[in-house]
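Q: First, the structure itself, so that you have it in front of you.
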Amino acid sequence: MLRIKNLAVKLEEEDKQILRGVDLTIGAGEVHAIMGPNGSGKSTLSYVLAGREGYEVTEGSATLEGEELLEMEPEERAAAGLFLAFQYPVEIPGVGNMTFLRTAVNAQRKARGEEEMSAGEFLKVVREKAKKLKIDADMLKRPVNVGFSGGEKKRNEILQMAMLEPKMCILDETDSGLDVDAMKLVSDGVNALRDEGRAFLVITHYQRLLDHIKPDVVHIMAAGRIVKTGGPELALEVEHNGYADILAEVQ
Amino acid sequence: MALPQAKQDALAARIAGLSFASEGWLGAARGEALARLSAMGLPAKRDEYWRYTDPSGLVAVDAPRAAVFDDSDESPVFDGIDRLKIVFVDGVFDAGASDDLRLAGVEIERLAKAGGADIHWARDLYGVLEARGQVPVQRPLAALNSAFATDGVLIRVTAKAAKPVSLIYVHKSETSDAILHHCVKVESGAEITILENGPAAARFSKVLEVEVAEGARFHHIRAQGRDHERRAVTHVFARLGAGALFKSFTLTANGVLTRNEAVIELAGDEAVAHVAGAAVGDGNFHHDDTVFVTHAAERCESRQVFKKVLKNGAVGVFQGKILVKPGAQKTDGYQISQSLLLDEDSQFLAKPELEIYADDVKCSHGSTSGAIDEVALFYLRSRGVPERVAQSLLVLAFLAEAIAEIEDEAIAEDIRARLEGWLHRHEH
């Protein structure tokens with residue numbers, strides 16, 4: 001599904017190297033987790049894959065089902081099946097959440113040469129999916145993320161993911177700012193989307209989230225590289241001992 | 001103080017070719033307006049009130065030439081709205097294109113025919129609000145309009161009007177110089193919506209005087225024509241009685257020079273006045289909103305919401321003032337002027353002012369100028385929304401607060417569609 005090879009990235013403005021040769025392969029149906037200390041490059045990796053400006057790829061490649069992502073515009077990556085659930089979902093005053101969702105769904109369908117969803121059909125689907133995430137009609141009507149609590153914003157990200165049905169989902173610290181109940185709700189939303197045709201990359205600081213969204217593979221990232229890869233037990237090790245032991249061992 | 005000779009000469013040259021109709025009560029009102037104008041002279045670039053907008057195209061003897069714009073790529077403005085149409089072509093009333101001027105609860109008379117008739121209510125309005133609006137800031141072009149307007153409509157509303165009255169200004173001549181003056185009196189408890197659209201002429205001067213009596217409601221929505229080369233100076237003078245409502249929204253897309261002044265006096269307690277504008281300009285576009293709101297009674301509310309989207313060197317100006325007179329307690333005044341600059345060549349000049357002489361008031365004002373929010377743009381694109389569509393969504397979102405001042409949803413939708421069309425045509 002997603003194949004990242006020797007990806008090296010620096011910040012355009014500061015000439016600061018963030019990623020120093022990331023290698024990562026995620027197969028269809030798999031859930032991978034990336035853990036790592038602050039500043040290790042986890043969020044940068046997610047932004048670079050989604051196509052945010054301000055980064056310069058100095059080496060390497062990232063392909064989604066064989067197609068080079070790094071040469072595409074952000075909207076093309078989305079239409080190709082990539083989705084990033086933001087760590088800090090953006091507030092957009094003046095744009096209704098429903099308008100936003102429908103514009104996005106239909107733009108992707110159009111880009112893929114599929115038929116657009118009618119207003120009636122869209123409404124039906126969005127209500128059904130929103131209900132599962134406990135997103136009420138008022139939240140759908142309000143401007144995108146404006147006045148939403150931290151938990152509501154994260155649930156709104158998962159709703160977008162459910163509506164857009166991407167192939168490759170990247171969740172960037174989706175657990176940050178969530179209480180236990182909200183984390184359960186969000187995780188249930190993610191688990192409902194687990195499918196053999198879909199892959200997940202879950203970026204997190206804490207093992208907690210991985211109790212709910214059970215990964216097949218766990219990677220530890222440090223100083224812009226993936227330094228260790230293992231099974232779910234690796235996350236437990238981090239939870240008990242922190243990163244210090246692992247980093248010492250790698251070095 | 002006598003006017004300097006140069007100013008006298010400029011004024012004499014400007015008005016030499018204009019016809020002065022002296023008959024009846026209207027002639028007397030015109031005479032007073034001419035006296036006001038003669039004392040002030042025409043505005044000049046160095047005048048404080050014209051610091052950001054060069055009036056030379058507005059005061060020149062002849063109207064600068066303006067190509068007629070073909071706007072047939074869009075449906076006519078307000079096309080889907082049931083309304084009574086009154087059409088002026090280059091400032092001349094077009095009876096054939098206009099509807100019958102009868103409407104239940106509304107008396108409509110043409111200004112050109114009013115001089116001889118004794119329309120008592122209009123006597124108390126024509127030039128009267130304009131004259132009141134000359135203090136503390138002089139508005140000579142409004143006095144010129146009162147003195148020399150060739151036509152217009154006098155509208156008295158005595159009940160809730162069955163449908164909007166729609167003033168349509170067609171521009172056909174490249175050199176037309178139109179001067180129209182309307183008066184609207186909304187009697188106690190009555191309600192009307194006035195629509196205006198079109199460029200009107202190569203150069204257009206328009207004054208609208210509105211008296212909104214106790215508990216009456218007045219709605220005003222206009223779309224100034226898309227002609228790129230047209231010039232316009234317009235004034236709205238409004239006076240509100242107790243509990244009266246006044247709402248005015250203006251869409252300006254294109255036009256080489258537009259100066260829209262609104263002078264609003266909240267004279268009765270608990271009156272509400274909202275004045276809003278959305279302006280979009282690309283290239284040779286200079287748009288000036290000059291607003292003066294006076295709170296002269298208690299517990300009144302005023303809102304000024306002006307938004308401008310500018311690109312390729314377009315210039316936006318906002319001069320807005322809230323004056324709270326002594327005793328106007330519990331005033332609630334709000335003013336916001338914002339511009340979205342789509343490139344670094346465009347310019348927004350704002351002069352927000354508050355002057356408050358009462359101690360128990362709530363007044364806020366803000367003015368900002370900024371670019372498209374890149375983070376929001378990326379967020380939309382990351383969901384698959386193409387860049388241009390995302391940009392249009394964000395621009396419309398920026399304008400939404402101004403459009404929200406239109407109460408009628410069908411009219412608001414018409415305006416929104418115009419803006420979407422404009423954005424679509426000016427993507428590059």
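Since every read-out is calculated from the coordinates, none of them should be taken as a lab result. Treat the numbers as computed from the prediction; the structure is a model and nothing was measured. Cβ sites come from the backbone with ideal geometry, for glycine too, and all protein chains shown count toward neighbours.
Q: Given points 7 Å out from each Cα along the Cα-Cβ axis, report the A:GLU114 to B:LYS85 separation in nanometres with one decimal.
A: Between A:GLU114 and B:LYS85, the label points sit 4.5 nm apart.
Q: Angle, helix B:387-403 long axis vs. longest principal axis of chain B, Cα atoms, 0 to 90°, nearest 10?
A: Roughly 40 degrees, rounded to the nearest 10.
Q: Tell me, what are the semi-axes, in whole angstrom and largest first, of the equivalent ellipsoid of chain B as set by the roots of 5 times the Cα gyration tensor eigenvalues? Walk me through the numbers before you get to the answer.
A: Values: eigenvalues 196, 124, 110 Å².
Working through the eigenvalues yields semi-axes of 31, 25, 23 Å.
Q: Quick one: what do you get for the protein assembly as shown if you divide its Cα Rg by 2.2 N^0.38 Å? Kindly include the intermediate steps, with their values, before the conclusion.
A: Values: Rg = 30.8 Å, N = 679, 2.2 N^0.38 = 26.2 Å.
Here the Cα radius of gyration is 1.18 times the empirical estimate.
Q: Turning to a different aspect of this structure: What is the set of long-range amide H partners of A:VAL146 at a cut-off below 5 Å, with H atoms built 1.01 Å from backbone N?
A: When sequence neighbours closer than 5 places are left aside, the close amide H contacts are A:ILE92.
Q: From the phi of every residue in the range B:409-418, what ³J(HN,Hα) in whole Hz does the Karplus formula 6.51 cos²θ - 1.76 cosθ + 1.60 yield, where θ is phi - 60° and glycine or proline is x?
A: So the J values, rounded to whole Hz, are 5, 5, 5, 4, 5, 4, 4, 4, 5, 4.
Q: Ranked highest first by average number of other Cβ atoms within 10 Å, how do B:333-345, B:202-214, B:403-415, A:150-162 line up? Display every interim value, and only then the final one.
A: Working: B:333-345: 19.5, B:202-214: 25.9, B:403-415: 17.5, A:150-162: 21.8.
The peptides rank, most packed first, as B:202-214, A:150-162, B:333-345, B:403-415.
Q: With everything on Cα atoms, drop me the angle between helix B:5-16 and the longest principal axis of chain B, reported from 0 to 90° to the nearest 10.
A: 90 degrees
Q: For the pair B:GLU107 and B:GLU409, what calculated FRET efficiency results from E = 1/(1 + (r/R0)^6), where r is the Cβ-Cβ distance and R0 = 35 Å, to the nearest 0.05? Could the numbers behind the result be given before it?
A: Numbers: r = 29 Å, r/R0 = 0.81.
Result of the calculation: an efficiency of 0.75.
Q: Using only Cα atoms, tell me the angle between helix A:119-132 and the longest principal axis of chain A; keep it within 0 to 90° and round to the nearest 10.
A: 50 degrees
Q: Give me the Kirkwood hydrodynamic radius of the range B:314-428 in Å, from all C-alpha pairs, to one decimal place?
A: Working: mean 1/r = 0.0600 Å⁻¹.
That comes to 16.7 Å for the range B:314-428.
Q: While we're looking at this one, here's another question. For the range A:152-168, in order, what is each residue's ³J(HN,Hα) by Karplus, 6.51 cos²θ - 1.76 cosθ + 1.60 with θ = phi - 60°, in whole Hz (x at glycine and Pro)?
A: 5, 4, 5, 5, 5, 4, 5, 4, 4, 4, 5, 6, 7, 6, x, 8, 10
Q: Filter the GluC sites (Glu not before Pro) in the range A:194-249 down to the DSSP loop ones having no more than 12 other Cβ atoms within 10 Å, then list what survives.
A: Working: sites: A:GLU196, A:GLU233, A:GLU237, A:GLU239, A:GLU249; in loops: A:GLU196.
Passing sites in the range A:194-249 are A:GLU196.
Q: Could you run the Karplus curve 6.51 cos²θ - 1.76 cosθ + 1.60 with θ = phi - 60° over the range B:138-150 and give me ³J(HN,Hα) per residue in whole Hz, x for Gly and Pro?
A: Rounded to whole hertz, the list is 6, 10, x, 5, 6, 5, 4, 4, 4, 6, 10, 3, 8.
Q: Separate question: Strictly over 32 Å apart at the Cα level, which of A:LYS129/B:LYS311; A:LYS42/A:LYS184; B:LYS113/B:LYS160; A:LYS129/A:LYS228; A:LYS110/B:LYS311; A:LYS134/A:LYS167 would you flag in this model?
A: Working: A:LYS129/B:LYS311 41 Å; A:LYS42/A:LYS184 23 Å; B:LYS113/B:LYS160 25 Å; A:LYS129/A:LYS228 37 Å; A:LYS110/B:LYS311 29 Å; A:LYS134/A:LYS167 24 Å.
Over 32 Å Cα-Cα: A:LYS129/B:LYS311; A:LYS129/A:LYS228.
Q: Of B:LYS325/B:LYS351; B:LYS7/B:LYS321; A:LYS141/B:LYS351; A:LYS10/A:LYS214; B:LYS85/B:LYS185; B:LYS247/B:LYS307, which pairs sit farther than 24 Å apart, going by alpha carbon to alpha carbon? Display every interim value, and only then the final one.
A: Values: B:LYS325/B:LYS351 20 Å; B:LYS7/B:LYS321 28 Å; A:LYS141/B:LYS351 35 Å; A:LYS10/A:LYS214 32 Å; B:LYS85/B:LYS185 19 Å; B:LYS247/B:LYS307 16 Å.
Cα-Cα > 24 Å for B:LYS7/B:LYS321; A:LYS141/B:LYS351; A:LYS10/A:LYS214; rest within.
Q: Taking chain B as a Gaussian network, where each spring joins two C-alpha atoms under 10 Å apart, which residue of B:GLY133, B:GLY313, B:GLY91 fluctuates the most?
A: Evaluated over chain B, the most mobile residue of the options is B:GLY313.
Q: Moving on. In debye, nearest 20: dipole of the range A:44-199 around its Cα centre with unit charges on the Cβ of K, R (+) and D, E (-)?
A: Working: 21 positive and 29 negative charges, 178 e Å.
Dipole about the Cα centre, nearest 20: 860 debye.
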